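Quick note: the coordinates plus some simple rules give every number you see, no bench work behind them. Remember, it's a predicted structure, so these values are computed and weren't measured experimentally. Here the Cβ positions follow ideal geometry from the backbone for every residue, glycine too, while neighbour counts run over all protein chains shown.
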């Protein structure tokens, strides 16, 4: 029997995918074996799962090895690896013979290639976890001392020593804080930042620690009126401690950037950007990404944009005409594999450049989006591409229905549109009838704030689109924003793909858990081999082939 297995990773987790070309008789799932740091095969252990067979009883949060509770699918996200781990995987079919589980070693896969839980090179991608990881956070909470638990989420994320705060912020917060510490300690470094929101206490303190080597353009965030300034406290706290400039804009557009340029002896050397606002919600409760671009030319592009924004000053009457004019010309000199657009632009040249790349997609498109708009967005364009290229695998989530507020999340599940309801985004108790999962966190709206599109992530012509840009015409026409189009960087693309799949899977669990039709509710593993049929044809096979790079 032909078998294949592949593993991918980013700085926080791994994904394993395997494929069998026909049904395995009596197979009721797979054991997934994991070994670390090139251990011997004998040292490998099965990963744990939290879902048992239909009719079994289990205590809340109970887990067992996948040799006992096997995996009834062909793709698995491993959230229990840690940064720096080097890990490989093997899959063994589990057969149910005379009511006993037996390993089918003859049909086991080989060991996957070893992957490392890290990000490195010119483009380094970082991700937080946010409230989306509430299942895993609940288990973390159960292991804490009572003294570590805070009464509210707000008090938790204000506690610098809170393990839950650290868990929610993930590697993204760790890296951003580490970057600021590096800048503080290296006196030859200066920084130029343009920020939409700033209210995270510890970030503000780190900027104050760097002092006058910080050059900060601070906007007025998500303001409601001309007199409203959500960043007022940070503005007052930083006054006279850093070189502070204001970018107060009028209703109808936002000074929406979240970038920081690092200069050494006055020369730009690298830039931090992405979707993450420098706020408590941006860092800890929303799903976000950050990217560190280690390229002097790209950093210089951002520094020149910072200069233009400083010159523009406050925009109570709209942008100065020179700003979109300057932004509408491709940056020089060019850099291989990356093109960065800054908004506002004329004639949507940034979206047109992105669409030209989308036209070339051959295998699939993954995305996370936040409020792109109702028409002429990259989402609209991607969905049109699905009609033109029905074999494309399209998978992602949009936060906020482009048609209104009725369906705040929309899944595009293997190309099929599936609106959600409020119970998907408002965590709630998991009922007793499905006891393999523990109670989720209550009382906070979950938000996907990442803005990222990935094209053909496992091919040489992969593309990553990310930045502060919401991927729609309003951002192009009216906002201060940035959009990075990064091509032919397969490692980076696969890192983003792993993150998108992780976010997607958390929400899909809630979607199935809240289906109104009781006949569709899933109550446990099947005790026969028929579950495999769905993975041998149709959309599920298309998904596996996509991850296999076929």
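Modelled spin-label separation between residue 491 and residue 322, with each label point placed 7 Å from Cα along the Cα-to-Cβ direction: 4.1 nm.
Between the helical axis of 349-358 and the longest alpha-carbon principal axis of the chain there is an angle of about 20 degrees. Legend: calculated FRET efficiency, residue 41 to residue 222, from the Cβ-Cβ distance at R0 = 45 Å, rounded to 0.05, equals 0.25. If I model a spin label as a point 7 Å beyond the Cα along the Cα-Cβ vector, how far apart are those points for residue 182 and residue 97 in nm? Each label point lies 7 Å from its Cα, and together they span 5.5 nm. Each label point was placed 7 Å from the Cα along the Cα-to-Cβ direction; for residue 297 and residue 537 their separation is 5.1 nm. Taking every alpha-carbon pair under 8 Å whose residues sit at least 6 apart, the chain reaches a relative contact order of 17 percent.
Can you tell me the order of 541-550, 449-458 when each peptide is scored by its average per-residue count of other Cβ atoms within 10 angstrom, highest first?
On the way: 541-550: 17.9, 449-458: 25.5.
Sorting 541-550, 449-458 by mean packing, highest first, produces 449-458, 541-550.
Calculated FRET efficiency, residue 122 to residue 388, Cβ-Cβ distance, R0 = 41 Å: about 0.80 to the nearest 0.05. Against the chain, whose longest principal axis is taken from its Cα atoms, helix 296-312 shows a tilt of about 50°.
With only Cα atoms counted, segment 3-118 has Rg and Dmax values of 14.2, 44 Å.
In which sequence would 259, 53 go, from the one with the fewest C-beta neighbours within 10 Å to the one with the most? Don't skip to the end; give the middle numbers.
Details: 259 27, 53 18.
Placing the least packed residue first, the sequence is 53, 259.
Cβ-Cβ distance of residue 308 and residue 54, R₀ of 45 Å, FRET efficiency by 1/(1 + (r/R0)^6): the value works out to about 0.15. Take the alpha carbon atoms of segment 92-118, find their center, do the same for segment 13-28, and report the distance between the two centers in whole angstrom. For segment 92-118 versus segment 13-28, the Cα centre distance is 9 Å.
When 275, 155, 40 are sorted by how many other C-beta atoms sit within 10 angstrom of their C-beta, beginning with the fewest, the order is 40, 155, 275.
With one equal scatterer per alpha carbon and no solvent term, the Debye-computed log10 I(q)/I(0) for segment 364-404 at 0.23, 0.27 1/Å reads -0.76, -0.97. Take the Cα radius of gyration of the chain and divide it by 2.2 N^0.38 Å, N being the number of residues; the result is 0.99. Against the chain, whose longest principal axis comes from its Cα atoms, helix 538-547 is set at around 60 degrees.
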